[in-house]
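Bear in mind these aren't lab numbers, they're just calculated from the coordinates by the rules spelled out. Computed from a predicted model, the values in this text were never measured in an experiment. Because the Cβ atoms are built from the backbone with ideal geometry, glycine has one as well, and the counts that use them run over all protein chains shown.
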Amino acid sequence: MENLNLEDLYFNFINKNFKPYQPRIFKLYHKLESFKDLYFKLLEDKNNIGGINLDLERRELENLKVKILKFKDAEYPNSLKNIDNPPLGLYLLGNIDLIKNPNLSLAIVGTRKPSNYGTLITNKFASQLSELGITIISGLAYGIDTFAHKSTFNNEGKTIAVLGEGIGIALKSDKGNLIKKILENNGLIISEFSPFTTALPYHFPLRNRIIAALSDGVLIIEAPINSGSLITANYSLKFGKEIFVIPGEITNKNFEGSHNLIKQGAKLVTSIDDILSEFNFNYDLKNKLINIKLSPQEELIYECLKLGAKSIEEINKETKLSISDLLVILTHMEIKKIIKNKEGKFYLIN
């Protein structure tokens, strides 16, 4: 980890005492251009900020191994700097190269209580998109967010989790294991809240603006009418980002918010090609297949389907694999976008 400097320590202390987002603090910082000077100005103005213990601040940050990225730092992303209410600074843990990665990035968000359909679609889209090198961004919430992160790193893709609380608090919560998995798989954790700030309701819209700003577009998987993911979509619209929506049953309340977005002009998507076409993202599926490591059973199925589309019963007969095994393997091959299922027949995607 890079050594912390005095500006990092003063930023952290101020951030603990003046929770984001406070325009007056932001304005003062821009005038003084130093968090140390800002601290003494606040002290002088009798803001009840109290005395700072620099050693304590340093220990707190070093124990967590976080990096602080301040607004005026060269690495601070332009995608955040150019919005109306940018964070004064960010706490980063993990692969910080992801925040300055020029690769395409997509936010995947949705309800905390997804249906089986929503879970399946999240796994499918996150896996397929991340396999192409697209960074998947989400908010580490239960439900769709969690499945988006897991599907990405399970597919050896890169994911960024933006928190609505401090990193130290999140690590000690039941999200801690998921955070560790993201870090083990070269992902990144981001928060604008000081490390031991607990989550409050107003934090999540602030978090959602960061998700929207960092991504090139947002994919709404399953959103009720009052879903927080609609806030992310509104920020995306404000920031000029693409909004994609997975449709659902018209009688399912979990999709009311999703369907309203489609009525308002968001793009309805049924495959990753609907997303990739908006970014002129080209990929050669045949060459991609060469780089996919097929298991022995997948290779057996692949060779079987070279001769043409077949039902699961026909594949069972030719490969001698059990129906129960085939159901699992064929699903994985669909997620990898090697095969498709149409009218009960499986065939290779050429």
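Taking the helices alone, the chain has a mean residue ellipticity at 222 nm of -13500 deg cm²/dmol, built from -39,500 (n - 2.57) per DSSP H run of at least 4 residues and averaged over all its residues. Computed over the chain with a Gaussian network model linking Cα atoms closer than 10 Å, the most mobile of GLY143, GLY257, GLY51 is GLY51. Among LEU327, LEU93, LEU120, the largest mean-square fluctuation in a Gaussian network model of the chain, built with springs joining Cα atoms closer than 10 Å, belongs to LEU327. With both labels modelled 7 Å from their Cα along Cα-to-Cβ, the ASP45 to GLU256 distance reads 4.4 nm.
The phi-based Karplus calculation (6.51 cos²θ - 1.76 cosθ + 1.60; θ = phi - 60°) puts the 3J(HN,Hα) values of segment 120-129 at 4, 5, 4, 4, 5, 5, 4, 5, 5, 5 Hz, whole numbers, x for Gly and Pro. If I fit a long axis through the Cα atoms of helix 229-238 and take the longest principal axis of the Cα atoms of the chain, what angle between them do I get, 0 to 90°, rounded to 10? So the inclination is approximately 70 degrees. Considering only HIS203, HIS259, HIS332, the Gaussian network model of the chain with Cα springs below 10 Å gives its largest mean-square fluctuation to HIS332.
Restricting the count to DSSP beta bridges whose residues both fall in the chain, what percent are antiparallel, rounded to a multiple of 5?
The antiparallel proportion sits near 40 percent.
Charge dipole (Cα centre; +1 on Lys/Arg Cβ, -1 on Asp/Glu Cβ; no other charges) of segment 304-350 amounts to roughly 200 debye. Measuring nothing but how far apart in sequence close Cα pairs (under 8 Å, 6+ apart) lie, relative to its length, the chain scores a relative contact order of 13 percent.
Only Lys, Arg, Asp and Glu count, each charged at its Cβ (+1, +1, -1, -1), so figure out the dipole size of the chain about its Cα centre, rounded to 20 debye.
460
Residues VAL162, VAL109, VAL66, ranked from the fewest to the most other C-beta atoms within 10 Å, line up as VAL66, VAL162, VAL109.
In order along segment 104-115, the phi-based Karplus estimate (6.51 cos²θ - 1.76 cosθ + 1.60, θ = phi - 60°) of 3J(HN,Hα) comes to 4, 10, 9, 7, 10, 9, x, 5, 7, 10, x, 6 Hz; Gly and Pro are listed as x. Per-residue Cβ neighbour counts within 10 Å put ARG207, ARG24, ARG58, ARG112 in the sequence ARG24, ARG112, ARG58, ARG207, beginning with the fewest. Remark on segment 195-350: Rg and Dmax equal 20.3, 59 Å (Cα only).
Can you tell me the FRET efficiency between LYS340 and LYS238 if r is taken as the Cβ-Cβ distance and R0 is 30 Å, rounded to the nearest 0.05? For LYS340 and LYS238, the calculated efficiency is 0.25.
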